[in-house]
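J.: Sharing a structure, written as structure tokens. Questions coming.
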Amino acid sequence: MRKSIVLAAVFLMVPAAASAQSMNAEAFHKRATALTKKGAMAVFSPGEIKALMSEGKAAGQRSRELRLAAVKSGSRPRYCPPEGPQSMTSTEFMKHLSAIPQAERQKIDMTEATTRVLAVKFPCKG
């Protein structure tokens, strides 16, 4: 009985761990660039748009959670947005993402890439 409970717990944790994965930043960059090159025809790629938007939103949320955890623990966060809602256009995000060298984008996930982008946009003072 106890063994089956442990196995059930492991199987329940696998989807959570899998969903915590983040897309490779270079793969995201390539896919988003290809979509952008389609111009107005990109509207015919709703699945790709949804996948990239979902990944971007999830990476942003994970980056925010890491920042809040750093603040809560008394550590210095990697970026410091001003109070209130903030936004960034996809063009601005892609500009900052493109500024990360390709060799680095290949080694990092979208959470790290997003954190780096936010650190450029919202640097911590002092």
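J.: Check which residues have an amide H placed less than 5 Å from M23's amide H, if you skip close sequence neighbours.
T.: M110
J.: Regarding the stretch 22-121, what whole-number volume in Å³ per residue does the convex hull of its Cα atoms give? Mind dumping the intermediate values first?
T.: Numbers: hull volume 10.1 nm³, N = 100.
In the stretch 22-121, the Cα convex hull volume per residue is 101 Å³.
J.: Let me ask something additional. ³J(HN,Hα) across the stretch 74-86 via Karplus (A = 6.51, B = -1.76, C = 1.60, θ = phi - 60°), whole Hz, x for Gly/Pro?
T.: Using θ = phi - 60°, the values come out as x, 7, 7, x, 7, 9, 9, x, x, 4, x, x, 10 Hz.
J.: Hey, another quick one. If the chain between E65 and C80 were fully stretched, how many nm would it gain, using 0.36 nm times the residue separation less the Cα-Cα distance? Provide the component values of the computation, followed by the final result.
T.: Working: separation 15, 0.36 × 15 = 5.40 nm, distance 1.28 nm.
Using 0.36 nm per residue and subtracting the Cα-Cα distance, I get 4.1 nm.
J.: Let me ask something additional. When ranked by the protection proxy of mean other Cβ atoms within 10 Å per residue, highest first, what sequence do the peptides 22-35, 67-80, 40-53, 108-121 form? Write out the running numbers ahead of the final one.
T.: Details: 22-35: 17.5, 67-80: 13.1, 40-53: 11.6, 108-121: 20.9.
Per-residue Cβ counts within 10 Å, averaged per peptide and sorted highest first, yield 108-121, 22-35, 67-80, 40-53.
J.: Just to confirm a number: summing +1 for Lys and Arg and -1 for Asp and Glu over residues other than A42 whose beta-carbon lies under 13 angstrom from that of A42, what do you get?
T.: Numbers: positive: R31, K37, K38, K50; negative: E48.
So the surrounding residues net to +3.
J.: Where in the stretch 56-93 does the amide nitrogen come within less than 20 Å of the point 7 Å from the Cα of K107, taken along Cα to Cβ?
T.: 78
J.: Let me ask something additional. What distance in nm separates the two pseudo spin-label positions at T89 and A51, each 7 Å out from Cα along the beta-carbon direction?
T.: Taking the simple label geometry, T89 and A51 are separated by 2.6 nm.
FYI, it's all coordinate maths here, none of it is from the lab. Since the model is a prediction, treat every value here as computed from it, not as a measurement. Because the Cβ atoms are built from the backbone with ideal geometry, glycine has one as well, and the counts that use them run over all protein chains shown.
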